[in-house]
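Enquirer: Here it is, the structure in full.
Read the figures in this text as sums done on the coordinates, not as results from a lab. These numbers come from a predicted model, not from an experiment. Cβ sites come from the backbone with ideal geometry, for glycine too, and all protein chains shown count toward neighbours.
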Amino acid sequence: MTLDTFLASLAGGSPPAGLPPLLRALWLDAQGDWDSAHHVAQEIDDGDGAWVHAYLHRKEGDAGNAGYWYRRSGRLPATGPLADEWRTIVETLLASTP
């Protein structure tokens, strides 16, 4: 899947079939369903899962919790616009998806 395909899928009513969980979480977040996105992200116990989890808590406005998850992810806390971080995460995850 390309970034353009992923972005186009946001016009649909449900995530594309076979979408990996973290990309599904970001898809749900883009649809305004933070709770479902958070539920998916908290089930993934690796660096990428921690990164998505950090982003979601940053978006929520919980800087302390976001900081914890950024540390778990091995990444520095993001400081730019949330939309830029969302796109960076999506691009990174798509690049590592077979």
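Enquirer: Helix-derived [θ] at 222 nm for the chain: sum -39500 (n - 2.57) over DSSP H runs of at least 4, divide by residue count, nearest 500? List each step's numbers first, then the result.
Expert: On the way: 6 runs with 64 residues, N = 98.
Calculated from helices alone, the mean residue ellipticity at 222 nm is -19500 deg cm²/dmol.
Enquirer: Also: Place a +1 charge on the Cβ of each Lys and Arg in the chain and a -1 charge on the Cβ of each Asp and Glu, then give the dipole magnitude about the Cα centre in debye, rounded to the nearest 20.
Expert: 180 debye
Enquirer: Modelling each spin label as a point 7 Å along the Cα-to-Cβ direction, I'd like the THR2/GLU91 distance in nm, to one decimal.
Expert: About 1.5 nm separates the two model spin labels.
Enquirer: Out of these labelled values of percent of Cα pairs over 15 Å apart, (1) 60; (2) 56; (3) 68, which was calculated from the coordinates shown here?
Expert: (2)
Enquirer: Another question, if that's okay. How high is the relative contact order of the chain, in percent, with contacts defined as C-alpha pairs under 8 Å that are six or more residues apart? Let's see the in-between values first.
Expert: Working: 97 pairs, mean separation 22.9, N = 98.
Normalised by residue count, the contact order of the chain is 23 percent.
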